[in-house]
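Colleague: One structure is given below, represented as structure tokens, and several questions about it will come after.
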Amino acid sequence: MLLPAAAAPARSRGRSLQSALRDAVRSGRLAPGTRLPSSRALAADLGVSRGLVTEAYEQLTAEGYLRSDRGAGTWVGGAARAAERGARDLAPRPVHARVDFIAGTPDLSLFPRSAWAAAHRGVLADLAHDQLGYPDPRGLPRLRTALAELLTRRRGVVADPEGIVVCSGVAQAMALIGFVLHARGVRTVGVEDPGSPQHDELFASAGVSTVPVPLDDEGVLTGVLRERGVRAVVTTPAHQFPLGIGYSARRRAELLDWARAVDGLVVEDDYDGDFRYDRTPVGALQGLDPGHVAYTGSVSKSLAPGLRLGWLLVPDAMTEEVVARKRMMDLGNPVLDQALFARLVERGDYDRQLRRCQRAYRERRDALVAALAEHFPGSEVSGIAAGLHVIARLPGRWGPQDVFLRRAAAAGVAVRPLSDYAHAGEDAARGPGLALVLGYAHLSPARLAEGVRLLAEAVQELDHARVQSTRR
């Protein structure tokens, strides 16, 4: 077991011998209590110097893998235990389906690899040595300045670089807010119902429970906020997830009136605010009252979720607490990634990426709507023309829902109903028929058409049986 180490190049032979001995003890090939050859004998067997073996024995004895008794030789110690081999991958697995309509994933093939590589070279050439030290936990000043300009220009945000905190996506932004609210004595936060299930877990990790608040066609019901006594609520006003509505001007004003009346906080998750296809996107709610709205966004839909890069703006009164919590969490985001993204924003590459994605996603949404009209007559696509998903409401003859979903899965089509996003078991379907949440950004127009066709073929027997029953 040691001969390969002995055959290593001279400069690394000592390290290789130590590593081979260490692995043999960890794996159990050298069992506890095994007596090892003398350094002279082992050196002769391996054809290496005795000093090399002596050094290896001494090093592993110091680490606890071996024990040495004066005059009694060297033995394998009993401290080491075999470690599990291999590294598991706990990343979310893609659904094994012929066509996957699960919402939330952008088209990762649109990632701007050439621009990213060019920016990486430029950053490495320009970045000062001292900037590779521990960063400002809020983020590099260069990136915060670039973000302030970007968010002001594109989303109508009131953005001071001093108040921006660069974070690991919206998930960390929500956790930061949760910890700060908990430290202030807040124990409940309102969440849209239906809404993202992740918010429940993120706030629970900070010791804050969530209270479901229903919506109507204009947005979250502010009267329910008052009834349930919460002083903070998480919202997606530009394009509500998953219903797809845009908050009306009236409801946005009512929401801010509520926040001012209770000295509360509106958390605005602007997860896909740049992607509006029928008009210019409506500006962020934060721009109307930065003193009562915390704003967060990320590059997860525009570049890739694997970058773990986002931003958070909170009211001035909360900034110091958020920054202190961010510092304790991770001492700040990676410097190179921040500098790289700042360069993309400064040079206009990020704007070009947003336009590229917008063109692709608008085309795919149109293809999905057309396919639904062809294969599911009488279906309705609700919500505004925006984002990366639609709500498709199918006539009741395509139900019941549980049978529909079983037939879809058997045909290899992955799809989720709107009811999956309801909190506390409340009715999220909002109307007759079957409501589906269909993600389209990651699928080509051809794949979208194929997926809808497969879905229709899988469930057409339901409609046929219903027709026959009616005739009888």
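Colleague: Give me the one-decimal Kirkwood hydrodynamic radius in Å for the stretch 354-429, with the sum taken over alpha-carbon pairs.
Modeller: About 14.2 Å for the stretch 354-429.
Colleague: Okay, next question. Have a look at the DSSP beta bridges in the stretch 262-380 and tell me what percent are antiparallel, nearest 5.
Modeller: 50
Colleague: At 1.4 Å probe size, put Arg279, Arg364, Arg453 in order of accessible surface, largest to smallest.
Modeller: Correct descending sequence by accessible area is Arg279, Arg453, Arg364.
Colleague: Treat every Asp and Glu Cβ in the stretch 232-316 as -1 and every Lys and Arg Cβ as +1, leave all other atoms uncharged, and give the resulting dipole magnitude about the Cα centre to the nearest 20 debye.
Modeller: Charge dipole of the stretch 232-316: 220 debye, to the nearest 20.
Colleague: Another question about this same structure. Binning at 5 Å from 0, report for the stretch 1-150 what percent of all alpha-carbon pair distances ends up in each bin.
Modeller: Result returned by the calculation: 1, 7, 11, 12, 9, 6, 6, 7, 10, 11, 10, 6, 3, 1, 0.
Colleague: Still on this structure: What are the semi-axes of the equivalent ellipsoid of the stretch 118-202, taken as the square roots of 5 times the eigenvalues of the Cα gyration tensor, listed largest first and rounded to whole Å?
Modeller: Each semi-axis is the square root of five times an eigenvalue, giving 31, 16, 14 Å.
Colleague: Here's something else I'd like to know. In square angstrom, what is the accessible area per residue of the chain with a 1.4 angstrom probe?
Modeller: 47
Colleague: Placing one identical point scatterer on every Cα of the stretch 230-292 and ignoring solvent, what is log10 I(q)/I(0) from the Debye formula at q = 0.20, 0.23 Å⁻¹?
Modeller: -0.76, -0.97
Colleague: Accessible surface of Trp75 in the full protein assembly, 1.4 angstrom probe, to the nearest 10 Å²?
Modeller: 60
Colleague: Could you give the size of the charge dipole of the stretch 303-454 about its Cα centre, using +1 on the Cβ of each K and R and -1 on the Cβ of each D and E, expressed in debye and rounded to the nearest 20?
Modeller: 520
Colleague: At q = 0.14, 0.20, 0.22, 0.35 Å⁻¹, what log₁₀ I(q)/I(0) does a Debye calculation on the Cα points of the stretch 213-252 give, no solvent, two decimals?
Modeller: Debye intensities relative to I(0), on a log10 scale: -0.28, -0.56, -0.67, -1.27.
Colleague: Where does helix 445-471 land angle-wise versus the long Cα axis of the chain, in degrees 0 to 90, nearest 10?
Modeller: The two axes meet at around 50 degrees.
Colleague: In percent, what relative contact order does the chain have, based on Cα pairs under 8 Å that are 6 or more apart in sequence?
Modeller: Rounded, it is 18 percent for the chain.
Colleague: Sticking with this one: Please list 3J(HN,Hα) in residue order for the stretch 98-113, calculated via the Karplus relation 6.51 cos²θ - 1.76 cosθ + 1.60 where θ = phi - 60°; whole Hz, with x for glycine and proline.
Modeller: Using θ = phi - 60°, the values come out as 5, 9, 10, 9, 5, 7, x, 10, x, 7, 6, 6, 7, 4, x, 4 Hz.
Colleague: Could you check how much of the accessible area of the chain is carbon and sulfur, as a whole percent, using a 1.4 Å probe?
Modeller: The nonpolar share, carbon plus sulfur, comes to 51 percent.
Colleague: When only alpha-carbon atoms are used, what values of Rg and Dmax, in angstrom, describe the stretch 298-389?
Modeller: So, for the stretch 298-389, Rg and Dmax equal 19.1, 55 Å respectively.
Colleague: Helix-only mean residue ellipticity at 222 nm, the chain, DSSP H runs n ≥ 4 weighted -39,500 (n - 2.57), per residue, nearest 500. What is it?
Modeller: Roughly -14000 deg cm²/dmol at 222 nm, from the helical runs in the chain.
Colleague: Where Lys and Arg each count +1 and Asp and Glu each count -1, what net charge lies around Ser248 among other residues with Cβ under 11 Å from its Cβ?
Modeller: Local charge sum for Ser248: -1.
Colleague: Could you pull the Rg and Dmax for the stretch 63-136, using just the Cα atoms, both in Å?
Modeller: 25.6, 71
Colleague: Another question about this same structure. In whole Å, what are the Cα extents of the chain along the three principal axes, biggest one first?
Modeller: In descending order, the Cα extents are 93, 63, 45 Å.
Colleague: Further, regarding this structure: As a test of reading the structure, rank Phe275, Phe241 by solvent-accessible area (1.4 Å probe, protein chains only), most first.
Modeller: Phe241, Phe275
Colleague: Please compute the net charge surrounding Gly332, taking Lys and Arg as +1 and Asp and Glu as -1 over other residues with Cβ under 10 Å from its Cβ.
Modeller: Net charge around Gly332: +1.
Colleague: Then there's this: ³J(HN,Hα) across the stretch 295-309 via Karplus (A = 6.51, B = -1.76, C = 1.60, θ = phi - 60°), whole Hz, x for Gly/Pro?
Modeller: Result, rounded to whole Hz: 10, 9, x, 7, 9, 5, 9, 9, 10, 6, x, x, 6, 6, 9.
Colleague: On to the next question. How high is the relative contact order of the stretch 1-123? Use alpha-carbon pairs under 8 Å, at least six apart in sequence, and give a whole percent.
Modeller: For the stretch 1-123, the relative contact order is 22 percent.
Colleague: At 1.4 Å probe size, what's the solvent-accessible area of Val345? Round to the nearest 10 Å².
Modeller: 10
Colleague: Please work out the ratio of the alpha-carbon Rg of the stretch 129-179 to 2.2 N^0.38 Å and round it to two decimals.
Modeller: Its radius of gyration relative to the 2.2 N^0.38 Å reference: 1.25.
Colleague: Can you find, among His239, Pro4, Leu255, the residue sitting farthest towards the positive end of the charge dipole of the chain, where Lys and Arg contribute +1 and Asp and Glu -1 at Cβ?
Modeller: Pro4
The values are calculated or read from the model by the stated rules, or taken from the named source; none is laboratory data. All figures in this text were calculated on a predicted structure; none of them were measured in a lab. For neighbour counting, all protein chains shown are included, and Cβ atoms are generated from backbone atoms with ideal geometry for every residue, glycine included. Surface accessibility is based on the protein's heavy atoms, side chains included, excluding ligands, DNA and RNA. Shrake-Rupley method; radii C 1.70, N 1.55, O 1.52, S 1.80 Å.
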